[in-house]
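Down below is the structure, laid out as structure tokens.
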Amino acid sequence: MTVAWGLLIVMVIIGIVVQRRKREQFAFLHALLLLTTMIILSTIFIVTAIVLAYMFSSSFPHLHMGSLFLLYGLVIIIAGVFLYLVLRLLNRIRPLSVTTLTIIEYYIQWSLIYATIYQIVFENLLRTLKIIKNVSSLTAVSANVLLVAGLSSFIASWIAVVLFKFTHEEI
């Protein structure tokens with residue numbers, strides 16, 4: 001049995017246990033689907049914004065972009081505001097519960113913590129043990145690119161949830 005099957009079995013068991021609740025029976029599933037949608041939308045938005053910023057800066061050779069750290073932070077914040085507007089629209093169509101939004105926050109926190117642990121283990125431990133020779137450079141680059149995109153999308157989703165809950169006086 002692989003780890004993936006074990007994880008799937010654990011998730012099904014947890015799902016059965018938590019779904020005994022009468023109200024908001026599928027809150028964990030709704031939260032997962034909404035978070036997945038938010039991550040996809042924010043990733044598209046972030047990639048589009050970065051491409052547009054690059055094209056804009058390339059069109060004007062004397063224009064300096066300034067700090068890429070600040071530019072990227074600004075793009076993430078704008079993506080969060082964009083997702084906030086999407087959440088407001090979704091709330092008009094089908095009201096979003098505080099429980100679902102709180103579960104999304106937990107998913108984001110858990111994912112960020114897991115990604116950080118994963119990064120620490122594989123960047124420091126593997127380098128120290130000299131196992132990195134067995135890992136192809138293409139795999140390492142792909143993992144880093146995916147990590148940056150994923151973490152950015154999680155942060156943008158978190159901003160959207162906090163803004164939504166704040167405007168509805170739920171936090």
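Throughout, read-outs are computed from the coordinates displayed, never taken from laboratory work. Treat the numbers as computed from the prediction; the structure is a model and nothing was measured. Using ideal geometry, Cβ is built from the backbone for each residue, glycine included, and neighbour counts are taken over all protein chains shown.
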Need the full-extension length gain, PHE56 to ALA115, defined as separation in residues times 0.36 nm minus the C-alpha distance. One decimal, nm. 18.0 nm
Nearest 0.05, what FRET efficiency do HIS168 and THR43 give at R0 = 22 Å with Cβ-Cβ as r? 0.30
